[in-house]
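Report on one structure; see the data block that follows.
The values are calculated or read from the model by the stated rules, or taken from the named source; none is laboratory data. This structure is a prediction, so every number in the text was calculated from the model and none was measured. Note that we place each Cβ from the backbone using ideal geometry, even for glycine, and neighbour counts take in every protein chain shown. Note: areas computed on protein heavy atoms with side chains; ligands, DNA, RNA excluded. Shrake-Rupley method; radii C 1.70, N 1.55, O 1.52, S 1.80 Å.
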Amino acid sequence: MTLDWPTLLPLIFAGLMGVAILVYVVLDGFDLGIGILFAASDAHEKDTMIAAIGPFWDANETWLVLAVGLLLVAFPVAHGVILTALYIPVFVLLVGLILRGVAFDFRAKVPVHRKKRWDALFCIGSLAASLSQGYMLGVYVLGLETGLPAIGFGLLVALCLAASYAAMGAAWLIYKTEGDLQRKAVRFLRSALVFTAVGMVAVSLATPFASPRIFEKWFTWPEIALLAPLPIVTGAAFLGLWLLTFRMPAPGDRHAITPFLTLAAIFALGFAGLAYSFYPFVVPDRLTIWEAAAATESLAIILAGTAVVLPVMIGASFYVYRVFSGKAGDLSYD
Amino acid sequence: MDALILSRLQFAANISFHILFPTITIALGWVLLFFKLRYNATGDAAWMRAYFFWVKVFALSFALGVVSGVTMSFQFGTNWPGFMEAVGNIAGPLLAYEVLTAFFLEAVFLGIMLFGFRRVSNRVHTLATFLVAFGTTLSAFWILALNSWMQTPAGFEMRDGVAFPVDWWAIVFNPSFPYRLVHMLLASGLTVSFLIAGLSALRFLAGDRSESMWKALRTGVFTGAALIPVQIFVGDMHGLNTLEHQPQKVAAMEANWETRGNVPLVLFAWPDEEARENRFEIAVPNGASLILRHSLDGVVPGLNDYVGEHPPVAPVFWGFRIMVGVGLAMLALSWTTSWFLWRRAEIPRLLAYAYAPMAFSGWVATLAGWYTTEIGRQPWLVTGVLRTEDAVGPVAASNVAFTLAVYVLLYVVLMIVYLGVLTHLALKAAKEGDQSPLPGVEDRALAQPMAGE
């Protein structure tokens with residue numbers, strides 16, 4: 001591999017896209033998860049849960065636009081292949097995101113007797129968006145297969161991803177709330193963790209067995225030894241988090257953010273495993289990142305802008321999270 | 001129907017629904033900044049009340065814009081993969097810059113603008129309001145750069161059927177871009193002016209005489225009255241630019257079937273594409289020659305020069321007339337009302353009744369104008385480079401039909417709810433007048449999602 005721009009730029013953009021997807025999954029994961037948890041909460045809890053995500057969800061969702069945007073602009077051919085293959089699940093995702101996005105705003109502005117209706121739609125939309133993302137992950141992992149087994153596997157991953165988003169949502173609530181709701185969130189987290197673990201194991205096993213090439217990459221010496229820490233650390237993180245839930249909420253609200261950070265780390269580890277499996281393909285076993293990449297001169301001009309804007313925006317995001325740090329109260333326009 | 005026409009309808013439905021909300025947020029961001037700055041300068045709480053009322057409309061419109069915008073970014077891949085394959089090297093960076101600079105700026109600072117009034121200093125809050133307004137405008141800049149490039153492409157070369165960038169300056173500042181950008185920003189300004197004046201007129205009719213209602217009403221009416229003549233002038237320049245670069249579009253707008261001099265200005269007609277003539281025509285002699293060439297016998301290009309290469313005539317012809325008609329109604333109403341507000345400091349009930357239904361007149365004109373220019377680009381997706389029919393994806397027609405039906409249903413429901421909520425908010429504000437507690441001024445939270453709301 002020669003290190004010139006035509007080689008490096010697609011690599012850089014694959015990396016950026018990976019980061020954008022991961023950040024999206026972690027950030028929108030918690031607000032989608034809170035939408036799912038709406039199903040098991042009362043009217044007052046719902047208001048507090050909304051307040052816990054209110055100032056953030058717009059920016060969180062923007063990471064999805066960035067991730068899909070990067071796929072679109074940096075790998076235009078892959079964008080077309082992947083999205084036409086996933087036409088219906090993408091549609092479900094979009095309808096879900098539309099429903100929950102507008103429900104978030106409508107619920108507070110419609111006459112009060114109609115509020116319940118929008119709460120229900122917020123929950124349904126969040127659930128539909130999460131399920132469809134999981135389904136797409138499952139089908140993608142199997143190389144965009146369309147057979148019945150692929151659909152079944154897609155559905156399994158769909159359930160597990162929705163559960164892991166619910167876990168993220170619960171972890172965020174532990175951080176942002178107190179009292180009864182916080183204790184409830186701890187119980188939510190414990191149940192959702194089980195499904196999260198099942199999903200991760202399923203994807204980890206399916207990926208190598210669906211593709212001999214990926215099997216090669218993992219189960220040969222010395223790779224198997226070098227890669228062993230990945231599943232081991234992930235497993236340890238799961239176990240640690242599981243045990244922690246029995247000691248929460250801790251006196252003085254210590255470790256309130258630990259579950260969220262641990263889950264984010266678990267997501268990152270799982271994502272790293274997937275990235276290693278699929279590299280250098282952007283469409284599994286069909287298109288490599290270099291075959292799918294846009295022209296070098298186009299990538300260069302995007303990179304120039306990205307290098308300036310992204311760090312500033314990440315800094316600004318941290319500022320916003322700091323401004324709205326602390327326990328969530330009632331959300332208001334002031 | 002085949003996948004092509006269904007995909008086109010779906011894209012049209014999505015982008016039509018989407019554009020309504022940026023059209024509001026682009027200019028409303030600046031109006032909110034104006035309210036905020038007036039409050040900072042005068043300390044008059046009525047400005048802040050106007051701000052808090054309109055920031056709710058902003059939040060609602062922004063949310064609808066975000067969710068329908070996410071849909072747009074997926075549509076390219078799900079239905080039009082050929083577009084990015086052919087011109088992705090140019091469209092890509094323009095879209096990327098839109099997401100990077102604009103969208104993030106908006107989304108990140110929106111949280112502070114909406115919910116941070118008492119969490120950050122007044123100065124930072126004003127800055128956040130400015131950044132959101134600036135971000136929405138920057139969004140418009142990049143999106144219109146791309147759209148204008150699709151209309152009048154420049155600064156590129158074709159290699160093996162794929163466009164490669166040669167001169168980025170020429171790509172962004174392509175021949176129609178300055179006109180289209182200014183035309184759209186003014187359209188946004190007018191839409192918001194009439195929305196603010198219209199909803200304030202509704203509050204007036206509901207008996208509201210509060211100071212915040214008057215401030216918003218005057219802002220809306222005077223801004224509208226000031227912008228509409230500028231818009232008519234800019235629109236004319238945009239038309240002349242189109243005549244130079246896309247003459248077939250102008251021929252369709254004027255329903256002019258033959259290239260000749262002394263072309264009349266057709267006021268009403270039913271363009272018949274089979275017979276290639278106008279039925280039921282009512283026209284002003286030499287009008288089109290005078291407007292487009294500034295002389296009675298000026299030669300105006302006709303559709304006969306572009307047989308098989310020109311857009312469908314009727315929608316372009318009618319889209320243009322609806323846009324101009326709404327513009328003229330805006331001119332008449334805003335100037336009359338301005339006169340009353342200026343000389344008598346009063347608005348006659350009759351004018352308030354006229355203004356309330358004009359609250360969404362900007363939407364009608366904006367959509368009609370966009371249909372004119374976008375249908376006017378057909379059969380091309382990118383003029384002279386890529387035909388629409390060559391960009392459509394391999395998705396089955398039945399799938400597209402299903403998703404189209406659900407999108408349309410969803411958008412109709414959301415539109416009804418959006419309009420209902422805006423009316424509800426206006427009437428609620430009218431009932432409360434200036435009695436409601438003012439957040440930040442009184443030290444008490446305006447509990448937003450609580451039971452009383």
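Numbers below:
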| quantity | calculated |
| --- | --- |
| Reference-scaled alpha-carbon Rg (2.2 N^0.38 Å with N residues) for region B:137-184 | 1.16 |
| Distance between region B:139-160 and region B:300-354 - C-alpha centres, whole angstrom | 28 Å |
| nm² value of the averaged projected area, convex hull over the Cα atoms of chain A | 18.0 nm² |
| Accessible area in square angstrom per residue, region A:92-173, 1.4 angstrom probe | 32 Å² |
| Where chymotrypsin sites (Phe, Trp or Tyr not before Pro) fall in DSSP loop in region B:387-431, at most 11 other Cβ within 10 Å | none |
| Given charges at Cβ of Lys, Arg, Asp, Glu: chain A dipole, positive-most of A:Val203, A:Leu299, A:Val309 | A:Val203 |
| Cα extents of region A:204-276 along the three principal axes, largest first (Å) | 50, 19, 15 |
| Cα centroid of region B:70-123 to Cα centroid of region B:12-51, whole Å | 19 Å |
| Accessible area in the full protein assembly, largest first, 1.4 Å probe, for B:Thr23, A:Thr48, A:Thr146 | A:Thr146, A:Thr48, B:Thr23 |
| Average beta-carbon neighbours from other chains, 10 Å sphere, peptide B:49-62 | 2 |
| Region A:184-334: Rg to Rh, with Rh as the Kirkwood radius over Cα pairs | 1.06 |
| Size of charge dipole - chain B - debye, nearest 20, with Cβ of Lys, Arg +1 and Asp, Glu -1, no other charges | 1820 debye |
| Sites B:Val124 and B:Asp160, calculated FRET efficiency, Cβ-Cβ separation with R0 56 Å, nearest 0.05 | 0.60 |
| Counted charge near B:Thr136, where neighbours are those whose Cβ lies closer than 14 Å (Asp, Glu -1; Lys, Arg +1) | -3 |
| Relative contact order (%) - region A:19-323, alpha-carbon pairs under 8 angstrom, separation at least six | 21 percent |
| In degrees, nearest ten, helix B:211-245 long axis to first principal axis of chain B (Cα) | 10 degrees |
| Probe 1.4 Å, all protein chains present, accessible-area order of A:Val19, B:Val300, largest first | A:Val19, B:Val300 |
| Sequence-separation-based contact order of chain B, relative, with Cα cut under 8 Å and 6+ spacing, percent | 20 percent |
| Alpha carbon convex hull of region A:124-238, volume per residue in cubic angstrom | 102 Å³ |
| Where trypsin sites (Lys or Arg not before Pro) in DSSP loops with at most 11 other Cβ within 10 Å are excluded, longest remaining stretch of chain A | A:1-246 |
| Dipole of the protein assembly as shown, positive direction: furthest Cα of B:His245, B:Phe53, A:Pro280, with charges on the beta-carbon | B:Phe53 |
| Computed label-point distance, nm, for sites B:Trp339 and B:Thr423 using a 7 Å Cα→Cβ extension | 3.2 nm |
| Sites excluded, chymotrypsin sites (Phe, Trp or Tyr not before Pro) in DSSP loops with at most 14 other C-beta within 10 Å, longest stretch of chain A | A:1-218 |
| Quarter of Cα convex hull surface for the protein assembly as shown, i.e. mean projection, nm² | 35.0 nm² |
| Net dipole in debye of region A:19-323 [+1 Lys, Arg Cβ; -1 Asp, Glu Cβ; about Cα centre; nearest 20] | 800 debye |
| For B:399-411, mean number of other protein chain Cβ atoms within 10 Å | 2 |
| Semi-axes of the equivalent ellipsoid for region B:104-169, Cα gyration tensor, largest first, Å | 39, 10, 9 |
| Interface burial for B against A (accessible surface, 1.4 Å probe, total of both chains, Å², rounded to 100) | 6700 Å² |
| Separation in nanometres of the label points that stand 7 Å from Cα toward Cβ, at B:Glu389 and A:Ile232 | 6.3 nm |
| Rg and Dmax of chain B, Cα atoms only, in Å | 23.3, 72 |
| Solvent-accessible area, 1.4 Å probe, carbon plus sulfur percent, for the protein assembly as shown | 69 percent |
| Charge dipole (region A:19-323, unit charges on Cβ, about Cα centre) - positive-most of A:Leu97, A:Phe30, A:Leu189 | A:Leu189 |
| Cross-link pairs beyond the 30 Å C-alpha cut-off, checked among A:Lys176/B:Lys431; A:Lys184/B:Lys428; A:Lys176/B:Lys215; A:Lys116/B:Lys56; A:Lys46/B:Lys56; A:Lys116/B:Lys36 | A:Lys176/B:Lys431; A:Lys184/B:Lys428; A:Lys176/B:Lys215; A:Lys116/B:Lys36 |
| Average partner coverage of A:314-321, which counts Cβ from other chains inside 10 Å | 4 |
